[in-house]
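Asks: Would you mind keeping the following structure in view while I ask a few things?
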Amino acid sequence: MITLLNLIKKRINQVPVNPTVLKIEKFLYENYNKPITLEDIEKFTFFSKTHCHVIFKNEKGVSIIDFLNNYSINKAKELLIEGAMPLNDISEMIGFSSYNYFSRLFKKKTGYSPKEYRRIIK
């Protein structure tokens, strides 16, 4: 049986989610494969990029750019697991205009280059 005290405890332990952070997340998920700047987020949310950066980092524990990069790298991992799509195509598909930058970021986040990662998972 749920008591009033248990309900109150559950409500206290729930962290309220800032609607602006949810809006930013939704924007990132829908546009991760395009070049995104903080100015784009500023225009989308109608808040300053500094405000967006601060509230996002406070709630998520990472910057907007780090969140986006992590999400993009996870998408790249999925594509690497799926098949033999050329690495340059994967890089472009997830929004990186430079394969070299994508490769460096991938290695920084995973410890492996995209080519090594593909070889290991097959």
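The values are calculated or read from the model by the stated rules, or taken from the named source; none is laboratory data. Keep in mind that this is a model prediction, so the values were computed, not measured. Using ideal geometry, Cβ is built from the backbone for each residue, glycine included, and neighbour counts are taken over all protein chains shown.
Asks: Name every residue in the range 66-98 that is β-branched (Val, Ile, Thr) and exposed (fewer than 15 other Cβ atoms within 10 Å of the Cβ), in order of residue number.
Replies: Passing the criteria: only ILE81.
Asks: Right, next: Return only the number of the condition from (1) surrounded by fewer than 11 Cβ atoms within 10 Å (Cβ to Cβ); (2) at pLDDT 90 or above; (3) not in a helix (DSSP H, G or I) that PHE47 does not satisfy.
Replies: (1)
Asks: What number of residues within the range 38-90 satisfy the criterion of being of a type in the set (S, T, N, Q), within 14 Å of THR110 (Cβ to Cβ) and without any contact (Cβ under 8 Å) to a residue 40 or more places away in the chain?
Replies: Going through the range 38-90 one residue at a time, the tally reaches 2.
Asks: Right, another one. State all residues of the range 82-99 that are touching a helix residue (DSSP H, G or I) at 6+ places or on another chain (Cβ under 9 Å) and either within 23 Å of PHE67 (Cβ to Cβ) or in a loop (DSSP other than H, G, I, E, B) (or both); if no residue qualifies, say none.
Replies: Result: ALA84, MET85, ILE90, SER91, GLU92, MET93, ILE94, GLY95, PHE96, SER97, SER98, TYR99.
Asks: Something else about it: Of the residues that sit in the range 94-122 and are over 15 Å from the mean Cα position of the chain (by Cα) and among the hydrophobic types (A, V, I, L, M, F, W, C), which one is nearest to LEU28 (Cα to Cα)?
Replies: My answer is ILE121.
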